[in-house]
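So the structure is just underneath, and the comments pick up after that.
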Amino acid sequence: MKNIVIFGAPGAGKGTQSDFIVEKYGLSHISTGDLLRKEIADQTELGKRIKGIMDAGQLVSDDIVIEMIDKAIEHDNKGILFDGFPRNVAQAEVLDQLLAKHGRTLSCMIRLDVPREELIRRMLERAKVSGRSDDNEETIKHRLVEYENKTLPVAAYYAKQGKEVKINGLGDIKRISDDIAHAIEAL
Ligand code: ADP
């Protein structure tokens, strides 16, 4: 059973490539961003608490996302693609513990590398159609700063475990998918 983290800056193409990976390898797709947005759309208590934080481009607290991930692993029997999680080293450490609790280990972390200028260009482009309230220039800058300060160290965490697989996230979508498939099949 494969358990994979897809990693990259906002705008790196995680969503697009996640769709490809879950389809091809029959994994459950767990996106913390999607789960959190659903809470907001459903106007739950939690949704009301986190809306301002997400609109400001900041990370919501670890406890909230960790509980979501714990439940997702509990209910899964196919293997999981984690998207948007872990977003800091503390979350990465907890993920290792949660997987171990269920007798699983992480197969690999797939890192999509895209230059900063291209990330900004893509997010501004997406803003025109996404309807996401955090896709505006001010928030995009905050999300990139959060990524660089808190999320990037997660890459080093997995590199140390020998689990980081770097993929060039620039260029043709199909070529990127092929590179990912290659990496997964080499596991
Ligand atoms: P993107 O990768 O484009 O930034 P996401 O949908 O992954 O989009 O995340 C949107 C927002 O959801 C983040 O800016 C953050 O506020 C919140 N979020 C998602 N995942 C996490 C996480 N693991 N920890 C904390 N906050 C998160």
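Just a few scattered comments:
- Projecting the Cα positions of Leu95, Tyr25, Ile50 onto the charge dipole of the stretch 1-105 (unit charges on Cβ atoms of Lys, Arg, Asp and Glu, taken about the Cα centre) puts Tyr25 furthest along the positive direction.
- Between Lys78 and Asp62, the simple spin-label model (points 7 angstrom out along Cα→Cβ) gives 3.0 nm.
- Per residue, the solvent-accessible area of the stretch 9-155 (1.4 Å probe, heavy atoms of protein chains only, all protein chains present) comes to 50 Å².
- For the chain, the dipole from Cβ point charges (+1 on Lys and Arg, -1 on Asp and Glu) about the Cα centre works out to 200 debye, to the nearest 20.
- For the chain: relative contact order, % (alpha-carbon pairs under 8 angstrom, 6 or more apart): 33
- The 3J(HN,Hα) values that the Karplus relation (6.51, -1.76, 1.60; θ = phi - 60°) gives for the stretch 165-173 are, in residue order, 10, 8, 10, 6, x, 9, x, 5, 4 Hz. Gly and Pro appear as x.
- Extension gain for Asp34-Arg49 works out to 3.8 nm (0.36 nm per residue, less the C-alpha to C-alpha distance).
- Cα-based shape type of the stretch 36-129, given that a ≥ b ≥ c are square roots of the gyration tensor eigenvalues and the cut on a/c is 1.5: oblate
- Share of carbon and sulfur in the accessible heavy-atom surface of the chain [1.4 Å probe, %]: 51
- Radius 10 Å from Cβ of Gln17, net charge of other residues (Lys, Arg +1; Asp, Glu -1): -2
- 14 Å beta-carbon shell around Ala127, net charge (K/R +1, D/E -1): +1
The values are calculated or read from the model by the stated rules, or taken from the named source; none is laboratory data. As the structure is a computational prediction, the values presented were derived from the model and not from experiment. Neighbour counts run over all protein chains shown; Cβ positions are idealised from the backbone, glycine included. Quick note on the areas: whole protein, heavy atoms, side chains included, nothing else; ligands and nucleic acids left out. Shrake-Rupley method; radii C 1.70, N 1.55, O 1.52, S 1.80 Å.
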